[in-house]
Amino acid sequence: MIPTAAQTAVLALLGGLVALDGTSVGQFMVSRPFVAAALGGLAVGRPMLGIQAGIVLEALHLAVLPVGAAKYPEGGPASVAVGGVFAASQSPPVAASATLLVAVLVALALEWVGGYSVERMRQFNVRFAGSPPEGVTPREVARRHLTPVAVDFARGAVLTLVGVGVLDLLLGTIDFSGFPEIAVGTVVRLAVVAGVASALRLFGRGNYPFFLAGAAAGAAVAWLR
Amino acid sequence: MAEVTELGAGVRRRMLLRSFAVQGSWNYQTLIGTGLAFILSPALRRVHAGDDEALRRALGRHTELFNSHPYLAAVAAGAIARLEAERVPPETVARFKAAVRGSLGTLGDRLVWLMWRPMSVLLGVSLVLAGAAWWVGALAFLLVFNALHLWMRAWGLRTGLRDGLRIGGTLRGVPFQRMGDRAAQAGALLAGLAAALAAAPKGSHAWEWAAGAAAAVLGVALGRRVRAAAAVAMVVALIAGLVLART
């Protein structure tokens, strides 16, 4: 049910890498919850379950903007951890909606912890900033720049391990027997709908007609399938 | 232009690769200042070859405060490398950096974070909700998003190296605004599509459609506050579920 030691190690490695992708190195957006949770699921052999958690987290992450020095929740490591543990917990499938609900709540809490740790890391990085009056050598610039990168990787890996541990503990403790699965599943689904729809605020009021056209097309597809 | 030819293909390639890590040492004192010096290092080594003192001073100057959208930092790095190759006085380079950092930040934030990224990720989410395999959705998102991302970095460095101080005029000529507007339209369309697909799973009842429509309206009204509202709703659902399971 829970990720094995080897799977947990892979999740930690992935968590470190997506933490880097979030800001420090690359920014290819592999760190988006939608992708990161799928990778977490892939690490335990069930990427489709991972991406289910990823879609919920992504919907609630769409309006988070990393502009300037703004503080914001960090989605990557939390999504890897939750995507991996949720996917592992569904072998065999049990209380899927309730498990997903707990996984998402853990991820949301971990995203805030991640955002706080990013802020602290940026304060820590100040010690590598600036330069003495005589200037710096290329080697010194590289050292000052790459040490924080290594710290960021370690931060992401630790955060992922914490997420795996906490979710694992909760899923092992909570008794889901008798849980109203359909009702809980509906709450999670409606949260996704509200989250996705909230993105319209990013695109502007003038684009409401496009939103309605998309909704009509989506309704037609949903009706026909 | 003759001075820039000393920054050959190898130097440009190393600058481009290093630009992917421009935010590696992000800090609250100099922001991405050290990152800019990290990108410029290969160019400055070439420009100041044989003069370690000048190289140290130049690198020291560029570790000072700088900020920009990370993808457009390559524009600034290219232009600064050109100015250094042309032996432009440091005061002029400092004024140039102060002048471009605001606009490079605003341009990138609006186009990439506000429009392109949500649009790309909604494409991937819509595909998976419509029944595509997980990797199709993830790959579609990454390909569409990174097409613009990689173009901005490569084009930015090349254009900065080519135009130097004239980069402002070049940036005004690029249709970033129109690209953002088109991405916003596509994003709004995809948001509607994804919301409808998420609201109505296979075989859903009329009440589920109605609840989905209400959730969409609520989501639009709440905007970014939807995150907190959804978290509260899910906590309540969890507590209610636990209570119901025991009764």
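The values are calculated or read from the model by the stated rules, or taken from the named source; none is laboratory data. No experiment lies behind these values; they were computed from the predicted model shown. No Cβ is skipped: glycine too gets one built from the backbone with ideal geometry, and neighbour counts run over all protein chains shown. Just so you know, the surface numbers come from the protein's heavy atoms only, side chains and all, with ligands and any DNA or RNA stripped out. Shrake-Rupley method; radii C 1.70, N 1.55, O 1.52, S 1.80 Å.
A few remarks follow.
- Residue match in the range A:16-39 (condition: among the aliphatic types (A, V, I, L, M), under 27 Å from A:Phe176 (Cβ atoms) and open to solvent by 10 Å² or more (accessible area, probe 1.4 Å)): yes
- Every pair of residues 6+ apart whose Cβ atoms lie under 9 Å, when the first sits in the range A:113-138 and is touching a residue at least 60 places away in the same chain (Cβ under 8 Å) while the second is among the aromatic types (Phe, Trp, Tyr) and open to solvent by less than 60 Å² (accessible area, probe 1.4 Å): A:Val118/A:Tyr72; A:Val118/B:Trp26
- Residue check for B:Leu143: within 20 Å of B:Leu16 (Cα to Cα) and assigned to a helix (DSSP H, G or I): yes
- In the set (1) within 12 Å of another protein chain (Cβ to nearest Cβ); (2) within 23 Å of A:Val25 (Cα to Cα); (3) part of a helix (DSSP H, G or I), B:Leu127 fails one condition alone, (2).
- Any hit, the range B:183-204, residues being of a type in the set (Lys, Arg), at pLDDT below 95 and not in a helix (DSSP H, G or I): yes
- When each of B:Ala73, B:Ala94 is tested for being touching a residue at least 24 places away in the same chain (Cβ under 8 Å) and more than 16 Å from the chain's Cα centre (by Cα), the lone residue that passes is B:Ala94.
- Those residues of the range A:53-77 which are surrounded by 24 or more Cβ atoms within 10 Å (Cβ to Cβ) and more than 7 Å from chain B (Cβ to nearest Cβ), in sequence order: A:Ala53, A:Gly54, A:Val56, A:Leu57, A:Ala59, A:His61, A:Glu74, A:Gly75, A:Gly76, A:Pro77
This table checks each residue for (1) crowded, with 24+ Cβ neighbours inside 10 Å; (2) without any contact (Cβ under 8 Å) to a residue 40 or more places away in the chain; (3) touching a Pro at 6+ places or on another chain (Cβ under 6 Å).
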| site | (1), (2), (3) |
| --- | --- |
| B:Arg117 | yes, yes, no |
| B:Val128 | yes, yes, no |
| B:Leu142 | no, yes, no |
| B:Arg162 | no, no, no |
| B:Gly168 | no, no, no |
| B:Leu171 | no, no, no |
| B:Arg178 | no, yes, no |
| B:Arg182 | no, yes, no |
| B:Leu189 | yes, yes, no |
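- Pair list, Cβ under 8 Å, 6 or more apart: the range B:219-232 residue more than 7 Å from every other protein chain (Cβ to nearest Cβ), other residue surrounded by 19 or more Cβ atoms within 10 Å (Cβ to Cβ) and part of a helix (DSSP H, G or I): B:Ala229/A:Ala194; B:Ala229/B:Leu222
- Helices (runs of 4 or more DSSP H) wholly inside the range B:1-105 that include at least 3 residues being open to solvent by less than 60 Å² (accessible area, probe 1.4 Å) and more than 12 Å from chain A (Cβ to nearest Cβ): B:9-19, B:73-85
- Filter pass, B:Arg158 being free of Cβ contacts under 8 Å to residues at least 12 places away in the same chain, more than 12 Å from chain A (Cβ to nearest Cβ) and not small (Gly, Ala, Ser): no
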